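Chemist: Take this structure first; my questions come after.
The values are calculated or read from the model by the stated rules, or taken from the named source; none is laboratory data. On a predicted model such as this, the values are computed, not experimentally measured, just so you know. Using ideal geometry, Cβ is built from the backbone for each residue, glycine included, and neighbour counts are taken over all protein chains shown.
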Amino acid sequence: MSRVETIGRATLYLGDCRDILPTLPKVAHIITDPPYSERTHKGHDDVAAGKRRDGAERLAEQFAESTDGWIVWMTDHTLAPTITQRLEGVGRYVFAPLPYFHPGRSVRLAGDGPSSWTDWLVVSRTSALHRWGTLRGGYVAGPGWDDKERMGGKPTRLMQLIVSDYSRPGELVCDPFMGAGTTGVACAKEGRDFIGIEIDPDAFDIACRRIEQAQKQGDLFIAGAVA
């Protein structure tokens, strides 16, 4: 049995999303930022070679079974085509990948050549969302966007914008790769319910602390407005 923490409007699960997602009811939307690892890149190459050892196709199926709403999947340029193909394969309409551009960010620690300042959002929907409206065509980091909790994390402001674009107030958003909980923090700030899943116990504990703090700050803001 995985560890489960309920913090206000958030429910957090410690464990593997591949095991936990099938046990949960459907959510309104999935917004997630899985790791971009060398192992994942090798898996992508195996899929291209017909070996099908990458988990992308299985995750696409599980995500599609878990929501009839938006799936916003953050990735890199290497995996974006594979993720697009798999989401299309489960009957979703997939938009051209959207850039998240963070000028000055350096992720290349060694070697020759340019650092990558861009991540990509693979966004897909079902036909039920065809009247959602026009959304922004990408995201550019601004001042104060360097508040990442740990390596590989995303700025809170970025996740707030994504959450506000791809969900409505009061809806249930799920992040199956919660990490340090930035999507959950964004949901607390934007008035969404949240389900997070994380396999790393240390990251899970950080997420619990951050989401609890964000919800308390939201409660204080509401109380101050009422007073």
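Chemist: Could you tell me which of the residues Phe177, Phe221, Phe204 is modelled with pLDDT of 95 or more, of a type in the set (Phe, Trp, Tyr) and farther than 21 Å from Arg125 by Cβ?
Modeler: Phe204
Chemist: What tally of residues in region 168-182 results from selecting those that are out of contact with any Gly (no Cβ under 7 Å at 6 or more places or on another chain) and surrounded by 24 or more Cβ atoms within 10 Å (Cβ to Cβ)?
Modeler: 3
Chemist: Filter region 81-99 down to residues that are of a type in the set (Gly, Ala, Ser) and surrounded by 19 or more Cβ atoms within 10 Å (Cβ to Cβ), then give me how many there are.
Modeler: Qualifying residue count, region 81-99: 0.
Chemist: Then there is this: Across region 63-79, what is the total count of residues that are assigned to a helix (DSSP H, G or I), touching a residue at least 40 places away in the same chain (Cβ under 8 Å) and closer than 17 Å to Tyr166 by Cβ?
Modeler: 2
Chemist: Collect the residues in region 80-95 that are assigned to a loop (DSSP other than H, G, I, E, B) and under 17 Å from the mean Cα position of the chain (by Cα), keeping them in residue-number order.
Modeler: If the condition is that a residue be assigned to a loop (DSSP other than H, G, I, E, B) and under 17 Å from the mean Cα position of the chain (by Cα), then Phe95 is the only one that fits.
Chemist: If we scan region 3-19, do we find a residue that is surrounded by 14 or more Cβ atoms within 10 Å (Cβ to Cβ), modelled with pLDDT under 95 and farther than 22 Å from Asp76 by Cα?
Modeler: No, the conditions are met nowhere in region 3-19.
Chemist: Taking region 1-18, which residues are under 14 Å from Asp175 (Cα atoms) and either without any contact (Cβ under 8 Å) to a residue 60 or more places away in the chain or more than 18 Å from the chain's Cα centre (by Cα) (or both)?
Modeler: Within region 1-18, just Arg18 meets the criteria.
Chemist: Could I ask something else about it? Among the listed residues Ile197, Ile162, which satisfies the condition of being surrounded by 16 or more Cβ atoms within 10 Å (Cβ to Cβ), at pLDDT 95 or above and in a helix (DSSP H, G or I)?
Modeler: Ile162
Chemist: Pairs only if they're at least six apart or on different chains, beta carbon under 7 angstrom, first in region 159-187 and without any contact (Cβ under 8 Å) to a residue 24 or more places away in the chain, second aromatic (Phe, Trp, Tyr); list them, first residue then second.
Modeler: Cβ pairs passing all conditions: none.
Chemist: Which number in (1) surrounded by 15 or more Cβ atoms within 10 Å (Cβ to Cβ); (2) under 16 Å from Thr32 (Cα atoms) marks the one condition that His102 misses?
Modeler: His102 satisfies every listed condition except (2).
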